[in-house]
Amino acid sequence: MDEKTSEVNQSRQFHEVTLREFELTDVDDYFVWASDDRVSPWWRWDTFTLKEDVLAFMEKTVLPHPWMRAICLNGRPVGAIWVTHRTAEHQCCAELGYVIASQYWGRGIATEAVNLVLGTIFGDMEGLERLEALVLVQNVGSQKVLEKAGFTKEGTLKKYLIHKGKISDMVMYSFIPADN
């Protein structure tokens, strides 16, 4: 093996992405992305500044969620991914959301996590036929994640919601197993 090949192999870091349920002991890891000003602009929450507030959020929202998982890299949480049913009339449809600490952006971890969800969610949620994801138009990185995972871009929903006080456009993505 030559010197250049050795350098390339040493620079590659093996990572194993897994999903698991959150525990309160994950608060320090959760705080990493919840307090990151590069992450919070894409989400409904404002940047957390106190670990106690993250702990309260985990107790009130994260742990009771019916399908929220930690995205783990080599066993340690680096993000979260969740699937939420819409309404009773739309039980065949659910929405996917995810967040990952900014220091892990661009490494394929989010795409791998989405693929792990796609491998099980249609068996986990009875009657699920369609998984959707809504992304802010400006969040090009998240759009790339969904496209790499096999989601179909259905279009842009103009003036779809108020995000942090501003009327925003969203891009609708879907994954329908029969289409893939």
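The values are calculated or read from the model by the stated rules, or taken from the named source; none is laboratory data. In this text, all values refer to a predicted model and were calculated from it rather than measured experimentally. Here Cβ is always computed from backbone atoms with ideal geometry, including for glycine, and neighbour counts include all displayed protein chains. These accessible areas exclude ligands, DNA and RNA; they are computed on the full protein's heavy atoms, side chains included. Shrake-Rupley method; radii C 1.70, N 1.55, O 1.52, S 1.80 Å.
Tabulated data for the structure shown
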| quantity | calculated |
| --- | --- |
| Selection count, region 1-19, where residues are modelled with pLDDT under 70 and open to solvent by 50 Å² or more (accessible area, probe 1.4 Å) | 13 |
| Of all residues making up region 128-160, the number that are more than 17 Å from Val39 (Cβ to Cβ) and out of contact with any strand residue (DSSP E or B) (no Cβ under 8 Å at 6 or more places or on another chain) | 1 |
| Search result, residues across region 57-88 that are surrounded by 19 or more Cβ atoms within 10 Å (Cβ to Cβ) and in a helix (DSSP H, G or I) | Met58, Val62 |
| Residue within region 150-160 that is more than 13 Å from Val114 (Cα to Cα), open to solvent by less than 30 Å² (accessible area, probe 1.4 Å) and out of contact with any Cys (no Cβ under 8 Å at 6 or more places or on another chain) present | yes |
| Glu126, sole failed condition from (1) outside any loop (DSSP other than H, G, I, E, B); (2) over 28 Å from Lys166 (Cα atoms) | (1) |
| Unmet requirement for Met125, which otherwise passes all of (1) at pLDDT 95 or above; (2) out of contact with any Leu (no Cβ under 8 Å at 6 or more places or on another chain); (3) of a type in the set (A, V, I, L, M, F, W, C) | (1) |
| Positions within region 161-180 being open to solvent by 100 Å² or more (accessible area, probe 1.4 Å) and either on the phi > 0 side of the Ramachandran plot or out of contact with any strand residue (DSSP E or B) (no Cβ under 9 Å at 6 or more places or on another chain) (or both), in sequence order | Lys166 |
| Restricting region 20-56 to residues that are within 24 Å of Asn139 (Cα to Cα) and aromatic (Phe, Trp, Tyr), the residue that is most open to solvent (accessible area, probe 1.4 Å) | Trp42 |
